[in-house]
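K.L.:
One structure is given below, represented as structure tokens, and several questions about it will come after.
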């Protein structure tokens, strides 16, 4: 397959050269080498910014959770189609009623599995399961450095105490851990202490202030908890760099900017296959169709999806970094763009004089 741009997967410098070559071949041939199984929208935390979590009584209004048998059928067909890397997530994946059966089955299939969890449920029975069937690594969400911050962010008692205990249990088992944090108003002042926590244990840590509203039914408070001031300054700096170093090419299709383009997929808790978890389309029912057919349908979606017409004729398109998920969550659909969204970048541009106002700090 010939492309006139560098695919995002080619910039995955952290990959071993051998595996990088594997990913290159998968990209060229459209092989679904990487997948995410979102087992459940259930979670024992209630984070203010979450775009997935649904209370148990709300789940039937949005779909049906797949059974262990259904997940393992999809996994077996995914493996046959070429999937090697698998992320198991949620919600909180450990809350799926049949998690032990699903986990054991996936591990026995030989995937390179990453378990994404909040770490608060790594207790005796689960620890024994993970010790017998260890993941390649665990990605743990860290929301603060003490119980008070966790309560402000996750709205539960003793959240940090339980997450801390889970992290230590996984470390004792020798399971590699990466900590990830979402920074919102309720934990902004605690960021330095979270960094110190990660450093104390020698764990890699990544923090982000990027929050997207939910288009999937979750009670997300994204707009209320964003650290808007710092995000605006960061956006200003990003626009400066894009103008001078990496202008956005609006002639490229939306999905081509993502590392999962032609390589990865996301299966939601209700059995829908999508390109990205933030989006509200497409709804490819992999739970009731052969995996290879679902994957081919997803590839067609990626190739056919295009930017809204307004984006293609916009004077600031070269500086407007967006993806399909951004439009879906901020504008309600990948097929339209709102004036409110456009003004985030246009406010830095003088259309009358056709020049940028980024260096004018007094505006």
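What follows draws every value from the coordinates through simple rules; no lab data is involved. Note that the coordinates shown come from a computational prediction; the quantities given were computed from them, not determined experimentally. A quick note on method: Cβ atoms are made from the backbone with ideal geometry, for glycine too, and the neighbour counts reach across all protein chains shown.
K.L.:
Could you give the length gained by full extension between residue 207 and residue 346, i.e. 0.36 nm per residue of separation minus their alpha carbon distance, to one decimal place?
P.N.:
On the way: separation 139, 0.36 × 139 = 50.04 nm, distance 2.75 nm.
My answer for the length gained is 47.3 nm.
K.L.:
How high is the FRET efficiency between residue 354 and residue 61 when r is their beta carbon distance and R₀ equals 51 Å, given to the nearest 0.05?
P.N.:
Values: r = 49 Å, r/R0 = 0.97.
Calculated transfer efficiency: 0.55.
K.L.:
Got a sec? How would 318, 25, 61 order by Cβ neighbour count within 10 Å, fewest to most? Before the final figure, lay out the partial values.
P.N.:
Details: 318 15, 25 12, 61 8.
Going from sparsest to densest Cβ surroundings: 61, 25, 318.
K.L.:
Note the direction-averaged projected area, equal to a quarter of the hull surface, for the Cα convex hull of the chain, in nm². Walk me through the numbers on the way to the answer.
P.N.:
On the way: hull surface 75.8 nm².
Value for the chain: 18.9 nm².
K.L.:
Could you compute the FRET efficiency for residue 303 and residue 168, with r as their C-beta to C-beta distance and R0 at 56 Å, rounded to 0.05? Intermediate values should be presented prior to the final figure.
P.N.:
Working: r = 46 Å, r/R0 = 0.83.
In this case the efficiency is close to 0.75.
K.L.:
According to the square roots a ≥ b ≥ c of the eigenvalues of the Cα gyration tensor, what is the shape class of region 192-248, taking rounded for a/c under 1.5, prolate for a/b larger than b/c otherwise, and oblate for the remainder? Don't skip to the end; give the middle numbers.
P.N.:
On the way: a/c = 2.18, a/b = 1.14, b/c = 1.91.
Oblate.
K.L.:
Could you tell me, in Å, what Rg and Dmax come out for the Cα atoms of region 307-363?
P.N.:
12.1, 35
K.L.:
Oh, and also: Using a basic spin-label model with each label point 7 Å from the Cα along Cα→Cβ, how many nm lie between residue 157 and residue 293?
P.N.:
Label at residue 157, label at residue 293, 5.1 nm between them.
K.L.:
Divide by every residue of the chain the summed helix terms, -39500 (n - 2.57) for each DSSP H run of at least 4, and state the resulting mean residue ellipticity at 222 nm, rounded to the nearest 500 deg cm²/dmol.
P.N.:
Value at 222 nm, helices only: -11000 deg cm²/dmol.
K.L.:
Rounded if a/c is under 1.5, else prolate if a/b is larger than b/c, else oblate: which is region 49-178, with a ≥ b ≥ c the root eigenvalues of its Cα gyration tensor?
P.N.:
Numbers: a/c = 2.11, a/b = 1.29, b/c = 1.64.
In terms of gyration-tensor shape, oblate.
K.L.:
Using a Förster radius of 30 Å, what is the FRET efficiency between residue 224 and residue 310 based on their Cβ-Cβ separation? Nearest 0.05, please. The partial results should precede the final answer.
P.N.:
Values: r = 28 Å, r/R0 = 0.92.
About 0.60, to the nearest 0.05.
K.L.:
State the dimensionless ratio Rg/Rh of region 120-231 (Rg: radius of gyration of Cα atoms; Rh: Kirkwood radius).
P.N.:
Details: Rg = 14.9 Å, Rh = 15.0 Å.
Using Cα coordinates only, the ratio equals 0.99.
K.L.:
Please rank 49, 171, fewest neighbouring Cβ atoms within 10 Å first, as an exposure proxy.
P.N.:
171, 49
K.L.:
Additional query: Just grab the label-to-label distance for residue 28 and residue 244, each label 7 Å out from Cα along the Cβ direction, in nm (one decimal).
P.N.:
The answer from the label model is 3.8 nm.
K.L.:
Further, regarding this structure: Taking the Cα-to-Cβ direction at residue 192 and at residue 339 and moving 7 Å from each Cα, how far apart do the two end points lie in nm?
P.N.:
4.3
K.L.:
Most mobile of 267, 52, 345 per a Gaussian network model of the chain (Cα springs, under 10 Å)?
P.N.:
Top of the fluctuation ranking is 345.
K.L.:
Okay, moving on. For region 225-363, compute Rh as the Kirkwood radius over C-alpha pairs and then the Stokes-Einstein diffusion coefficient at 10 °C and 1.306 mPa s; write the answer in µm²/s, rounded to an integer. Mind showing how you got there, number by number?
P.N.:
On the way: Rh = 16.7 Å.
Here the translational diffusion coefficient equals 95 µm²/s.
K.L.:
Looking at the chain, what % of its DSSP beta bridges pair antiparallel, to the nearest 5?
P.N.:
Values: 6 of 31 bridges.
So the antiparallel bridges in the chain amount to around 20 percent.
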